[in-house]
Each structure stands twice: as structure tokens, then as C-alpha cells.
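Data first, discussion second: the structure below is written as C-alpha cells.
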Amino acid sequence: MDELSLIKQAARALMSGIPRALRDPHRPAWHLAPSVGLLNDPNGFIQHDGVYHLFYQWNPLGCDHRNKCWGHWQSTDLLHWQHQPVALAPGACYDSHGCYSGSAVVADGKLTLVYTGNVKYPDGSRTAYQCLAQDSGQGEFAKLGPVLPLPAGYSGHVRDPKVWRHQDSWYMVLGARDLQDRGKVLLLSSADLRSWRLLGEIAGSGLNGIGEFGYMWECPDLFALDGAQVLICCPQGLAKQAERYLNVYQAGYLIGELDYHRAAFSHGAFRELDAGFEFYAPQTALAEDGRRLLFGWLGVPEQDEDAHPTRQYGWLHCMTCPRELSLRDGELCQLPARELRRLRGAATRWRGRADDAPACVLDSAELQLTPQGAFSAAFGEAMTLHWDGELLRLTRRNLRSGQPEHRYWRGEVTHLQLLFDRSSVEIFINRGAAVMSARYFPGPEPLLRMSGDGALALEHWPLTPCMLE
């Protein structure tokens, strides 16, 4: 399908599908979700001239991973977002099978997209091109074509360019899979965004003492934070462990120091970014006020996607809330962006024994809990959170099999901030030291019910909807 045909079909899908999607009781009130079809990776997250731009992987024609376009939202406050024209649609010879993930920069005063053009051949093989597109006015982007073919020594799985400016040069990190099926992160440089030079592998399976660590590293993002460099990445192919690496694919980070001259990144251990059921492909942006902000995909590829009940309403997946990043005691901390406080309605506060806590409405709400002892919390009879004094366990029934499944975080719990939005929950542990994010699908009018002998303090705010225009 060529670009024009796809966009025409997308227009029809939107006109016929939006009324059905809006009838879904699980439709988010303030998280970003696709009007119709499937959403996955956040792309091109940037603030430019006071405006936040968030692009996203989008299949407007169905709830599967075909027809990958770049949708586009923009906002001045991280709360109220407006739809923009489709930024990228596949159809050129260099992106015929999808405009895959990438990033955005400002070059020559214009918003410029750097993305992966995916090409598949009839014999099952594939290749990838790193491509440019530039704002041509009215929110539309003109494709400038490939600027980097597939590097020698790597499979057709090379994608997800994240680009930034350092001193007088542009730099790019790319996710890659080498010919020995080892995941890598590549570092490249350019003077003009057009001609790129491969500087080397800076992280990945078998590098920097990390050992064998997956066959593909997707969605790299390298940035400076609080005096260090952080590399976010998504290794595929990690073996499950008792309490971690339990999703089909993982998202995590490495903290270290990048030597630009030697193209070397010395780093510590890999840590997961989110200990919940759904979180993948995060991307960050440097806000004009100096904050490092992050959006993630509240989903995981190939993880029970065909069992989500929203499919019957013609849409699938959503973004996380925007998060602020910082380093604390050598670990990455995440907190909900401060702008989200403006969604709070009237506060309700309560203290006492968990067993005596009043039920709280969860549909769209924020809760803050300060526990003193073990407790359990039931979320609308669809998910439970239990802390025994050592282990925090999040439990739901598997969307496909109906069997109980769990995610874990180990440590002392001193504070929990929980954000609910109809079919999602994001649990910030100990003021951002860890996060557990998940989709869940409760019945109508879900309530929080607490139990346990321990004392706790509870604060509850209803959250007002945000308009997506």
C-alpha cells in the first residue's frame, strides 16, 4: 500500500472507529491512547519553542503491528494534547514495511525526525535504513530519504536512532543485532545529520563485563543526568529469573560515563526501569526548564496483546504518564511529572488500621499510602498489591489463561504513590526509587479495598480528564 492509500484508509478508519472506541469503559481519561488501532513506542519526544511534541508508533488500520506510521500529538503543558497530521507513513522504497521508531531534533531551526525505514523481502530477509524527515509547515513532514544504510557486520535488525547534539557534532545511538545474534548499542557521529560515521559498539551482550545478555537491544537512549550518563535500552532474549525479567522483553538502564573520543561507555549493572507487567520502549526529552522527562509504552510486544479487551472496541495500548527522572544513590528515580498535580480534585485523608480503611473510588484517581506494617490492597477485584514487610507483590489474572501471575519488588516500603486511569495503574515506590506499571481491566465503579493489621495513612484525589483534541 502506498502512502496516499494508507492515509486515505486511515481517515476512513478514524471516522468509523472513533465512536466505537469512545464507548469503551476502559478508555483512559487522561493517558494518551490511539484514537483507533494500535499504539506502541513513543517516538520523537521533544520540546521546541515551548511546545512538547510526542510522536508514536501507530497502526491506524488495526490492532496489529502492520502499517507502522508516526502519529503526532503536541502540548504546551503535558496535560492537554492536540492531534496533528500523520507525520510519517510507509510506502517509499526505503520504508516500505514500516516507519519504525526514532527521535526528533531541531536542525537549522526546523523540527527534524530521524527514523528507521524497515524493508522486508519476499525470501524473508530484511534490511533497515536510518532516514530523515523535516517539518515542511502546518505540522507536516517531508521525507528526505535514507542517510545511513545497514552497517556491515549486522543483521537487518538495526533500528531506533536516538540523536543528540554534543559540542559541535551530532551523535546517534542505534539498537542492533549482530551476525552472531548478540544485542548491541552502536554509537555514530555526524557533522550535518546526513553523513554518519560508525564509532563503535558502546554496550551490549558480551561487552563491558556484562556477559551474554540477549540477542537484540532495542530503543537505546543516552543522556546526561545529574553528573553521569544514563543509557536506557530494551534487551530482548533475557532468561526469566525468580523475581525479575518476567515480561517477554525487558526495559532497563545502565549508569556510567561516555568517553566521546574513545567511543567507550564504562557502566555499572543493568537494572530494570519498571517492575510491573507492562512497560517498554521508553524515550526521554530534555525540557526547556532543565528536567529530563520520560514517556514509556504501557505495553510489551508479543505479550498477550491479542487478549486485551479493548480490541473489541478497535484500539490497543496507551502511553505511561509523563515522568521526571533523577539520580539518587546511584539509581535512576522516576516520579510523575509535577504538571499532573493540576488534575487533582478535592483531597480525602484518612489514618488508621488497614482493615478499617474506607473504600476509595479508583476509576481515575491518585492515591498516596504511607504504610507501617504489612498490608494488602485490592484494585476493583481485578488486581491486588501485597506487602509482607520484605516483598511487594502485584498480582492479576493472566489476560489469556486466567491464571494468577505476579510481579515483584523487594525492599522496605515507606511510601506509595498510585495513579489509576480506568484500565491502568502506575505505582511509584518510595518516592520514585522503583515503579510497577500495569494494565488491568476492572468492572464498573472499581473500588480500592485495604486489609491488614498494620497502620497506614491514606490520601485520595479524583483526577479530572484531560482533553485530547
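The values are calculated or read from the model by the stated rules, or taken from the named source; none is laboratory data. Owing to the predicted nature of the structure, the values given are computational and were not obtained by experimental measurement. Glycine gets a Cβ as well: all are built from the backbone with ideal geometry, and neighbour counts include every protein chain shown. For accessibility, only protein heavy atoms count, side chains too; no ligands or nucleic acids. Shrake-Rupley method; radii C 1.70, N 1.55, O 1.52, S 1.80 Å.
Structure summary
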| quantity | calculated |
| --- | --- |
| Residues that are free of Cβ contacts under 8 Å to residues at least 12 places away in the same chain and part of a strand (DSSP E or B), drawn from segment 247-289 | ASP259 |
| Matching option when the condition is in the same structural domain as LEU207 (by the TED database) and buried (at least 18 other Cβ atoms within 10 Å of the Cβ), among GLY183, GLY145, GLY137, GLY156 | GLY183 |
| Filtered residue count, segment 387-405, keeping only those that are under 15 Å from PHE375 (Cα atoms), open to solvent by 50 Å² or more (accessible area, probe 1.4 Å) and not in a loop (DSSP other than H, G, I, E, B) | 1 |
| Residue check, THR127 in contact with a Gly (Cβ under 7 Å, 6 or more places away or on another chain), modelled with pLDDT of 95 or more and in the same structural domain as MET172 (by the TED database) | yes |
| Single residue of ILE46, ILE18, ILE7 found to be of a type in the set (Val, Ile, Thr) and either free of Cβ contacts under 8 Å to residues at least 60 places away in the same chain or in a loop (DSSP other than H, G, I, E, B) (or both) | ILE18 |
| Test for ALA275: is it of a type in the set (Gly, Ala, Ser), in the same structural domain as GLN47 (by the TED database) and under 23 Å from ALA438 (Cα atoms) | yes |
| Qualifying residue in segment 410-419 (condition: open to solvent by less than 10 Å² (accessible area, probe 1.4 Å) and either within 19 Å of the chain's Cα centre (by Cα) or of a type in the set (Lys, Arg) (or both)) | yes |
| Set ARG165, ARG177, ARG126: member being among the basic types (Lys, Arg), closer than 21 Å to GLN236 by Cβ and within 23 Å of the chain's Cα centre (by Cα) | ARG177 |
| Considering residues of segment 424-437 that are touching a Ser or Thr at 6+ places or on another chain (Cβ under 7 Å) and buried (at least 23 other Cβ atoms within 10 Å of the Cβ) only, the residue farthest from SER75 (Cα to Cα) | SER437 |
| Only listed residue being open to solvent by 20 Å² or more (accessible area, probe 1.4 Å), under 29 Å from GLY380 (Cα atoms), among the charged types (D, E, K, R) and not assigned by the TED database to the domain that holds ARG439, chosen from ARG12, ARG23 | ARG23 |
| Residue match in segment 234-245 (condition: touching a Cys at 6+ places or on another chain (Cβ under 8 Å) and either aliphatic (A, V, I, L, M) or buried (at least 19 other Cβ atoms within 10 Å of the Cβ) (or both)) | yes |
| Filtered residues of segment 451-467 (kept if in a strand (DSSP E or B), out of contact with any helix residue (DSSP H, G or I) (no Cβ under 8 Å at 6 or more places or on another chain), aliphatic (A, V, I, L, M) and surrounded by fewer than 19 Cβ atoms within 10 Å (Cβ to Cβ)) | ALA457 |
| Segment 290-321, subset in a loop (DSSP other than H, G, I, E, B) and open to solvent by 10 Å² or more (accessible area, probe 1.4 Å), residue nearest to HIS31 (Cα to Cα) | GLY314 |
| Selection count, segment 335-347, where residues are in a loop (DSSP other than H, G, I, E, B) and either open to solvent by less than 10 Å² (accessible area, probe 1.4 Å) or touching a strand residue (DSSP E or B) at 6+ places or on another chain (Cβ under 7 Å) (or both) | 3 |
| Hey, LEU198 among the hydrophobic types (A, V, I, L, M, F, W, C), free of Cβ contacts under 8 Å to residues at least 24 places away in the same chain and open to solvent by 40 Å² or more (accessible area, probe 1.4 Å) or not | no |
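Each row is one residue, and each column tells you yes or no for (1) in contact with an Asp or Glu (Cβ under 9 Å, 6 or more places away or on another chain); (2) open to solvent by less than 50 Å² (accessible area, probe 1.4 Å).
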residue	(1), (2)
CYS333	yes, yes
ARG349	yes, no
ASP355	yes, no
LEU367	yes, yes
THR384	no, no
ARG407	yes, yes
